[in-house]
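First up is the structure itself, then whatever we jot down about it.
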Amino acid sequence: MKKVLFLMVSILLGFVFPAVILANGNYVIGKDEGGVYMKTDRNGSWYIDPQSLGLFKVGEKGKYSVGTDKRGTFVKTDKHGSFYIDTEAKRNLDRESEKRSERDKQTEEMETSVILEGNHVLVPTVLGCGGKETEVLLVLDTGSSVVVLHHEIKDQLNLRQIQKGKLMTAGGQAIDANIVKLDYVKVGPLTKKNLYASVIEHGGPPVKYDGLLGMNFLQDYEYRIDYKRKVIEWKKSR
């Protein structure tokens, strides 16, 4: 769960002013790259001011309450007294949190989930032509100069043959191919328009993919395959 970042100021309260309790619950003390924090079950989490770290131990559990008085908003624990919350720090850290959220969102938008099938990376791809659209699985193949589609896909789109040609297989065999022009090819956040593709008859046993995602799509993008997370991380080439 993403923490809401607050900063605590180590001023013990004497509660001279009447206080209003806003919420209460349980807390646990944890630590991450940002520092030591108090995680609550009702009000998110607070980073603890460095001057107060000596009061807390990582893994410590207890009860807390959040309240307000004329001095401001405070957190009270059953073990360490009470602390005013630095609201200006909260605003600053909230802005930083929003910026990180936006960066995280942009990163997610530049990723594509893939399927790993043996040595093949299968990429979900949307093809459009002649007012029709279909989603296929294409093998990412830097050895193929163009997008290659199995003949069965032709029936799902209004593909018009431009010319006949030959396609060299990985084994060096030349096979017949029909050259077509797709209106667009979409992979995750990326779209290329007016892309040529070769349509071939697939021989051999059935496979789980519908063709190859070749270099006429890939050449304009830098990318990295994260095999652990099963995603392609895209970056447009400059």
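Find how much the distance from K31 to D155 grows on full extension, using 0.36 nm per residue of separation minus their present alpha carbon separation; answer in nm with one decimal.
Here the segment from K31 to D155 would lengthen by 38.9 nm.
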**Request:** Name the residues whose placed amide hydrogens come within less than 5 Å of the amide hydrogen of D49, ignoring near sequence neighbours (fewer than 5 apart) on the same chain.
**Result:** M8
**Asked** How high is the FRET efficiency from E117 to Y196, r the C-beta distance, R0 35 Å, rounded to 0.05?
**Response** 0.85
**Message:** Given points 7 Å out from each Cα along the Cα-Cβ axis, report the D78 to E233 separation in nanometres with one decimal.
**Reply:** 4.4
**Prompt:** Tell me, what HN-Hα J-couplings in whole Hz come from the Karplus equation 6.51 cos²θ - 1.76 cosθ + 1.60 at θ = phi - 60° for each residue of the range 216-224, using x for Gly and Pro?
**Reply:** 5, 9, 6, 5, 8, 10, 8, 8, 9
**Two-site FRET efficiency, D226 against D69, from Cβ-Cβ distance with R₀ of 45 Å, rounded to 0.05** = 0.35
**Request:** Note down the net charge around N194, summing +1 for each Lys or Arg and -1 for each Asp or Glu among other residues with Cβ under 15 Å from its Cβ.
**Result:** +3
**Charge tally in the Cβ shell below 14 Å around P206, where Lys, Arg are +1 and Asp, Glu are -1, P206 excluded** = -3
**Asked** Label points 7 Å out from Cα along the Cβ direction at D41 and K57: separation in nm?
**Response** 2.2
**Fill in**
Here, A23 and S145, labelled 7 Å along Cα→Cβ, have an inter-label distance in nm of 6.2
**Request:** Search the structure for amide H atoms under 5 Å from the amide H of L149, placed 1.01 Å from N in the peptide plane, and list their residues when 5 or more places away or on another chain.
**Result:** S198, V199, I200, L212
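Looking at this model, which pairs from K31/K186; K192/K228; K61/K228; K31/K228; K57/K230; K31/K230 are more than 32 angstrom apart at the alpha-carbon?
Values: K31/K186 42 Å; K192/K228 28 Å; K61/K228 34 Å; K31/K228 26 Å; K57/K230 38 Å; K31/K230 29 Å.
Flagged as over cut-off: K31/K186; K61/K228; K57/K230.
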**Request:** Could you tally the net charge around V139, taking each other residue with its Cβ under 12 Å from the Cβ of V139, Lys/Arg +1 and Asp/Glu -1?
**Result:** -2
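Only the coordinates and a few stated rules stand behind these numbers; no lab work does. Note that the structure is predicted; figures quoted are calculated from it, not measured. As a convention, Cβ positions derive from the backbone with ideal geometry for all residues, glycine included, and neighbour counts pool all protein chains shown.
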